[in-house]
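Report on the following structure.
Values in this text are rule-based calculations from the coordinates and carry no lab data. None of the values given here were measured: they were computed from a predicted structure. We place every Cβ from the backbone using ideal geometry, glycine too, and count neighbours over all the protein chains shown.
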Amino acid sequence: MDRIRLSPDLELSRIVYGMWRLGDDEDTSPEHVRNKIAACLDQGITTMDQADIYGGYMAEEILGAALTPELRNRVEIVTKCDIVAPMGRYAEARVKYYDTSRAHILASVDHSLRLMGIDHIDLLLIHRPDPLMDACETGAALDEVVASGKVRAVGVSNFRPWDWTLLQASMKTPLCTNQIEISLLHHAPFTNGDIAFHQERGVAPMAWSPLGGGALFTDAKAPLRAALARIAADQGVDETAVAVAWLLAHPVRILPVLGTNTLARIARIAEASRVQMDRETWFELYTHALGHEVP
Ligand SMILES: NC(=O)c1ccc[n+]([C@@H]2O[C@H](COP(=O)([O-])OP(=O)(O)OC[C@H]3O[C@@H](n4cnc5c(N)ncnc54)[C@H](OP(=O)(O)O)[C@@H]3O)[C@@H](O)[C@H]2O)c1
């Protein structure tokens, strides 16, 4: 498994395991979570993607219950903050909103550390762009959590280029990634400027829902599903691997974040690294995703 250096002291595995759905699994026992992490580690997938809000603000605690000191040292933990939704510890909120204030970021980092039972977060992301963001305050707070040693590196999620530029201009620490939705079902970032913006800056983006949350294999157009199945059969891999390889092929160095709860699927994620994805095959899948040939 390749590794991607995002900052001088942070490297992530090229493929990341996402824990948004951790609490949806009927088995959330520490032993079962450890089995999932072990299946990832067997393939060189060492990066675990969390957020304070996952599982109704419970997923970090589920991970924390499973982490042993030895296991914690073998993984990088990504988590996020700024979404306040009326559930869990924010049950009293009247409305869902974003909070990028210094007080919220500092409190959220402390919560995440406590729930996961760890002494630092490897990568903290601002989860969603906040229309009420005071970039100077948010940027300073991100610098502060890095300086405190509680967070090793910082980035953002779902930011458009202008959101990134605004925040980065107000802070000393380089933002090291942007986690955005990219897949064969959500390919606009390849042409809307998002990927171009990061490629220009040499920043590797993370891709959430790389299988469209599973819809790629259930709701996608028949020709796209047929092409995925044929390429998978030709190369002796799972269809999932082909869909992930389509992202890995891009020179911007996308880090796909996969969210399956199925152990057998987790065990095969790394097959994506050995799929041959030449230019013609990439465009074949892109054509089916577009529903028409490129102009
Ligand atoms: N930054 C953000 O705003 C944001 C937003 C969303 C997600 N994320 C991150 O991205 C991660 C991945 O998101 P995701 O879970 O939506 O990613 P995904 O990998 O695209 O989708 C996972 C879902 O697809 C299903 N699936 C996988 N292979 C399948 C197949 N062959 N046929 C049918 N269903 C299949 C899985 O079901 P099974 O579990 O039954 O295998 C699971 O429900 C999350 O865990 C989270 O860490 C971030």
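Springs between Cα atoms under 10 Å define the GNM used for the chain, and in it the highest mean-square fluctuation of 231, 254, 195 occurs at 231. Centroid-to-centroid, using Cα positions, the range 279-295 and the range 241-264 are 18 Å apart. Dipole magnitude for the range 245-295: computed about the Cα centre from +1 point charges on Lys and Arg Cβ and -1 point charges on Asp and Glu Cβ, it is near 320 debye.
Hydrodynamic estimate: the Kirkwood radius of the range 1-99 over Cα pairs, inserted into Stokes-Einstein at 20 °C and 1.002 mPa s, corresponds to D of 148 µm²/s.
Taking a ≥ b ≥ c as the square roots of the Cα gyration tensor eigenvalues, the range 1-57 comes out oblate, since a/c reaches at least 1.5 and a/b does not exceed b/c.
Around the Cα centre of the range 1-46, unit charges on the Cβ atoms of Lys, Arg, Asp and Glu (plus for the first two, minus for the last two) sum to a dipole of about 240 debye. Neighbour counts of C-beta atoms inside 10 Å place 280, 60 in the sequence 280, 60, starting with the fewest.
To the nearest ten degrees, helix 222-235 and the longest principal axis of the Cα atoms of the chain are 80 degrees apart.
Around the amide H of residue 83, modelled in the peptide plane, lie the amide H atoms of 99, 127, all under 5 Å away and 5 or more residues distant in sequence or on another chain. Evaluated on the chain, the Kirkwood hydrodynamic radius is 19.6 Å, with distances taken between all distinct Cα atoms.
Evaluate the Kirkwood expression for the hydrodynamic radius of the range 77-187, namely the inverse of the mean inverse distance over all pairs of different C-alpha atoms, and round to one decimal in Å. Before the final figure, lay out the partial values.
Values: mean 1/r = 0.0697 Å⁻¹.
For the range 77-187, inverting the mean 1/r across all distinct Cα pairs yields 14.3 Å.
Can you compute the helix-only [θ] at 222 nm over the chain? Use -39500 (n - 2.57) per DSSP H run of at least 4 residues, normalise by all residues, nearest 500 deg cm²/dmol. Intermediate results must be reported in sequence, preceding the final value.
Working: 12 runs with 113 residues, N = 295.
Taking each H run of at least 4 residues, the total per residue is -11000 deg cm²/dmol.
Distance distribution note for the range 229-279: the fraction of Cα pairs above 16 angstrom is 36%. Helix 279-290 axis versus longest C-alpha principal axis of the chain: approximately 70°, rounded to the nearest ten. Most fluctuating residue of 247, 22, 166 in a GNM of the chain with Cα springs under 10 Å: which is it? Per the Cα network of the chain with a 10 Å cutoff, 166 tops the list. A simple packing score, the average count of other Cβ atoms within 10 Å per residue, orders the peptides 220-228, 75-83 as 75-83, 220-228, with the highest score first.
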